1. Any chance you could give the angle, 0 to 90 degrees and rounded to 10, that helix 90-99 forms with the longest Cα principal axis of the chain?
2. On a full-extension model of 0.36 nm per residue, what is the gain between Arg7 and Thr92, subtracting their alpha-carbon distance, rounded to one decimal in nm?
3. Hey, got the dipole for the chain? About the Cα centre, +1 on K and R Cβ, -1 on D and E Cβ, debye to the nearest 20?
4. Fewest Cβ neighbours within 10 Å first, please rank Ser272, Ser2 accordingly.
5. Tell me whether the stretch 243-396 comes out rounded, prolate or oblate; compute the Cα gyration tensor, take square roots of the eigenvalues as a ≥ b ≥ c, and use a/c under 1.5 as the rounded threshold.
6. Before rounding to the nearest 500, sum -39500 (n - 2.57) across all DSSP H runs of length at least 4 in the chain and divide by the residue total; then give [θ] at 222 nm in deg cm²/dmol.
7. Taking only C-alpha pairs under 8 Å that are 6+ residues apart, what is the relative contact order of the stretch 199-392 in percent?
8. Report the calculated FRET efficiency for Arg328 and Phe17 (r = Cβ-Cβ distance, R0 = 25 Å), to the nearest 0.05.
Amino acid sequence: MSDYTSRLRFSMDSVSFEDDDFMEKLLEIAHLFRPFSEAMDAFLARRGFDASRMDVDGKTACIRDVFLKAGMEPPREVREWFTAGQPIRRETAFQICFAFGLDGNETDEFFREYYARERSFNCHRVEEAVYYFCLNNGLSYGEARDIIAAVPAAEDGAKGGDQVYTASIIAELNSLTTRDELIRYLTDNRNIFTVDNVTAYAFIRRLWDSAAGPGGLLIRERERLPSMLDDMANLKRSPVREGDAGVRPWDAYLAILQLDKQDVKRLRTDRSIQPVIERLHAGARDSFPDRQGIDLILRGKRVSYERVRKWLVLLSFYTFWARRALDRGDYAACPEDGERCVAHMDQVLTDAGYPEMYVGNPYDWIFFYAAGNDEPLPTFRYIFNELLASALDGHP
């Protein structure tokens, strides 16, 4: 375990749910997460370069030299990674992996630990299927771009036909040995590359149905377990209503976080909780699960990889703990349950083609922290209720 991840894991023990200044301490953790410039320092050190002894000019020159030796044009903004905190694009992340001679597994690691966003290979896209093959077979970035140029585009109006899951495409790619075989496979099957995220969308629909479908976890949870939104003075439970299709997406979304609908309405954001999450680290706020995102996913519309991954994390976390609570009759967790939860979430993510949970990811850290508490689901919900209360302070 690196010093970086060790610090972040240790930080979980420094914040107690019972502290009067719990939220202030929790939000202070944001300062521990490294920007991409520091992640690149760690990456360079991992690859045998002593970045700690280099100034900005030295690190910039080092990276440019690696690119040039790989026959690649260095990104223009390398210096700005270190001086202006400029983030990188997804394509640039792949270019770094090619330039430094990473293989497929190392590319997965780079996306998870240094880029700390999204997934690595989305093999439902021709470009990234080619990157997957080339990085795993020692081909250069230039060769990858030549292969991509040699593959005809899908026909206008073409549809994917039968659903082809990511694992099936990867199995086919793993069976190929030459670039000619790859070009022939991509050409013959180009119409299956018109739709991506098939596996992840199927997982999200299944998890969503478990949570919000007719008789789902949200309804059963409200019937059998207490809520922080219950009116204890009048012995009234907070309402969660379902129709023939289950709980409506906006109501289900708020129920997962256990946020009061009328309080959220006071934010005047038209079904958004953006003001609630404003104090979170930028990496957690980016593509945070929202009502619009789940609506688009359930309708099969394309959304960003990061948006999909964060919905997978939220739904796998919620369904795991809601089932545990319903089976046991309360929200208390056993000592080993936290590790089981993270293992379950890792399995969902990897099966859907996404990176495992990573404590150095500001969004993932929230779930690691909640999973390690005595009552994980109430702890998680308490965080967002406290953020809501803070957001409401500035609204009439």
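1. Value to nearest ten degrees: 40.
2. 27.8 nm
3. It works out to roughly 980 debye.
4. If I rank by nearby Cβ atoms, fewest first, I get Ser2, Ser272.
5. Because its axes are fairly even, with a/c under 1.5, the stretch 243-396 counts as rounded.
6. For the chain, the value works out to -16500 deg cm²/dmol.
7. Averaging sequence separation for qualifying contacts and normalising by length gives 25 percent for the stretch 199-392.
8. Computed FRET efficiency for Arg328 and Phe17: 0.80.
Bear in mind that the values in this text are calculations on the coordinates, not laboratory data. Because the structure is predicted, anything quoted here is derived from the model rather than measured. For neighbour counting, all protein chains shown are included, and Cβ atoms are generated from backbone atoms with ideal geometry for every residue, glycine included.
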